[in-house]
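Take a look at the structure set out below.
The values are calculated or read from the model by the stated rules, or taken from the named source; none is laboratory data. A quick note: this is a predicted structure, and the numbers were derived from the prediction, not measured. For neighbour counting, all protein chains shown are included, and Cβ atoms are generated from backbone atoms with ideal geometry for every residue, glycine included.
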Amino acid sequence: MSQTRTLSGLPASPGIAIGEPVLIENRPLPVIRVAISPERVEEEINRLREAAVRVGEHLAALREAARARMGAEFAAILEAHRLLLFDPALTDEVEAVIRRELVCAEWALEEVVRRFLQRFDQLADVYLRERQVDLLDVAAHWQRELQGKPQPQLANEQPRVLLADDIPPSQAIQLAAGSVIGFASEAGGLTSHTTIIAKSLGIPAVVGVEGLVESARRGELVIVDGFEGHVLINPDPALVEVYRWREEEHRRRRQELLQQVHLPAATTDGHQVRLLANVDLLHEVESATLAGAEGVGLFRSEFLFMQTAPLLPDEDTQYQAYRKLLAAFPGLPVTIRTYDLGGRKLAREILGSMENNPALGLRGVRLSLARPDFFRTQLRALLRVAAEFPGQLRVMVPMVAHLEEVRAVKILLQRLAQELREEGVTVPPTLALGAMIEVPAAALLAEHFARELDFLSIGTNDLTQYTLAVDRANREVARTYRPFHPAVLRLLERVITAGRRAGIPVSLCGELASDPLAVPVLIGLGLPEFSMHPPALPVIRRLIRGISLSEARRIARKALSFASAKEVEEFLWESFSGLLARLQVRVRV
Ligand code: PEP
Ligand code: MG
């Protein structure tokens, strides 16, 4: 009998999942140029065609599953992919390359796709340029089939544990509709967007697990331990028992905390802060209200685009989505962030080409200002909805580094408000406009930004990435991704102080807001608003109610005096592990 195999990674989303695995390989497969003899040409072309038929069947099955679970829009995307597979413009050219250059089908396909992409880049039509993603998707399926690799299969009737090499955010949003109870991946970091989605959905996850896909086998039981960051393959029955018990304890504790969400988030000496929710997908609204969210500190609007990609959501679709969000939190602040596309989030689809260094490329507000067509649609939808919910909407701009970017957004908003007025649409007299402070340059100049804006929100996920020059999603450098680095803490202090002096709210919506070791420091620095994935809210409320402001101030002062992340982490652990154990708060929530 084979034994338990334990692999380790980063504990990305807390909880335990036990089930059979679904294996997914998403990374592009390597393609080798194999020369063939003229006699083998017809055989090779047959192999290409047969693979296309199988992919077509697979896509048709996916289309029907998507129609049933997610609606006609998703089904239409898959149908477009299927049709492309039999488009003679593509298939004839691949066959011609096999004949002319006497190469294997895999190489011919790769070569033709490469040439098509070059041609796409020269197209002026945005809609056609966006067809690239369809082509790449179809080609990836086809290539997998030719090489005898399994096709990614997320739609599954049975509860399953997803094991993958990499899960892009666009695929992660499908988890919301599916039966995935936990996942683990080889790629990813603690603040990558796929991790953030898993946390929001309350799905236990471990990322950065080396050798995962190779070790897993279909049919063998898997345990994903999102607390400790372990994946156990083929676990011993006694271990399964232990983990089932832990899973049950976790559920019991969550229920207990959910009974206390109506209590104020106030320290033992009466200092109160506001707890807000980060919402990525609209159906998280329910869990956010159940968890006692006092509004929304971050709605990642770009996820709306991921659901309709490759088409952009139109003004009415956005208006309806924003309305739903605001209506769910009557009288409370709701912060909608304008598109933060680019980086790993649909860069290829929206830009029409790959960037060498996407995290430093056309991302966030830069992309929005460079493509005013789609930004305009979003701002119009926001203005329309703001009028219906007076004083509730906060509009937040991501990735600002220059004051001029903020000013350009203001001018655009004024113009669009005028345009809407002329169309007879009611617009609000004022609109709260704020910015994400997630680029060190903006943090250093926070007092200037604070003077021109109505609120600030600190994005520690990116602020850490850019301050320490560490890719937030790269497993290889995950150990040096340390938000407790004193350089990051000093920037936080600066931004919080600038907000206080200017008399405007400052919130923190990066993952640090839900890190129990960071909470006392943030309270001590005077942060007035914390925003986090809904499942973390009850735990953080409990923690805040167990500490005092005076002690938190002392802790914050001391933390700022250290010279390295390690010193800060050790100090916080020594100071708080006892309290956390007493309150039954795990270090990662
Ligand atoms: C951040 O950068 O901290 C943030 C909240 O935004 P995102 O994670 O979407 O980049
Ligand atoms: Mg960010």
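Suppose we filter Gly270, Gly297, Gly292 for residues that are surrounded by fewer than 17 Cβ atoms within 10 Å (Cβ to Cβ) and modelled with pLDDT of 95 or more; which single one remains?
From the options Gly270, Gly297, Gly292, the qualifying one is Gly270.
Would you mind finding the one in Glu248, Glu256, Glu228 that is at pLDDT 90 or above, more than 22 Å from Ala291 (Cβ to Cβ) and either touching a helix residue (DSSP H, G or I) at 6+ places or on another chain (Cβ under 9 Å) or not assigned by TED's automatic domain parsing to the domain that holds Glu476 (or both)?
Glu228
Which condition number does Ser564 fail, the rest of (1) of a type in the set (S, T, N, Q); (2) more than 23 Å from the chain's Cα centre (by Cα); (3) under 15 Å from Val273 (Cα atoms) being met?
Unmet for Ser564, out of (1) of a type in the set (S, T, N, Q); (2) more than 23 Å from the chain's Cα centre (by Cα); (3) under 15 Å from Val273 (Cα atoms): (3).
Please find, among Gly189, Gly208, Gly202, the residue that is closer than 22 Å to Thr289 by Cα and among the small types (Gly, Ala, Ser).
Gly202
Just the residues that are within 13 Å of ligand 1 (Cβ to nearest atom) and touching an Asp or Glu at 6+ places or on another chain (Cβ under 8 Å), please, taken from the range 458-479.
Ile458, Gly459, Thr460, Asn461, Asp462, Leu463, Gln465, Tyr466, Arg472
Evaluate the following for Thr426: is it polar (S, T, N, Q), within 16 Å of ligand 1 (Cβ to nearest atom) and either within 30 Å of Pro390 (Cβ to Cβ) or surrounded by 22 or more Cβ atoms within 10 Å (Cβ to Cβ) (or both)?
Here the answer is no, as Thr426 does not meet what is asked.
Of the residues Arg582, Arg545, which single one is in contact with a strand residue (DSSP E or B) (Cβ under 7 Å, 6 or more places away or on another chain), surrounded by fewer than 17 Cβ atoms within 10 Å (Cβ to Cβ) and within 20 Å of Ala265 (Cβ to Cβ)?
Testing whether each residue is in contact with a strand residue (DSSP E or B) (Cβ under 7 Å, 6 or more places away or on another chain), surrounded by fewer than 17 Cβ atoms within 10 Å (Cβ to Cβ) and within 20 Å of Ala265 (Cβ to Cβ) leaves just Arg545.
Could you count how many residues in the range 9-48 are under 27 Å from Lys199 (Cα atoms) and β-branched (Val, Ile, Thr)?
Within the range 9-48, the first condition is being under 27 Å from Lys199 (Cα atoms), and the residues that meet it are 9-28.
Going one step further and asking which of them are β-branched (Val, Ile, Thr), we end up with 16, 18, 22, 24.
Residues meeting the conditions: 4.
Among the helices (runs of 4 or more DSSP H) contained in the range 137-216, which hold 1 or more residues that are modelled with pLDDT under 85 and closer than 27 Å to Glu286 by Cβ?
Correct list: 169-172, 193-201.
So is Val395 in a helix (DSSP H, G or I), of a type in the set (A, V, I, L, M, F, W, C) and modelled with pLDDT of 95 or more or not? So that I can check it myself, show each step before the final result.
Working: in a helix (DSSP H, G or I): no; of a type in the set (A, V, I, L, M, F, W, C): yes; modelled with pLDDT of 95 or more: yes.
Criteria not met by Val395.
I'm told Arg482 meets every condition in (1) away from ligand 1 (no atom under 16 Å from the Cβ); (2) in contact (Cβ under 8 Å) with a residue 40 or more places away in the chain; (3) surrounded by fewer than 20 Cβ atoms within 10 Å (Cβ to Cβ) except one. Can you identify the failing condition by its number?
(1)
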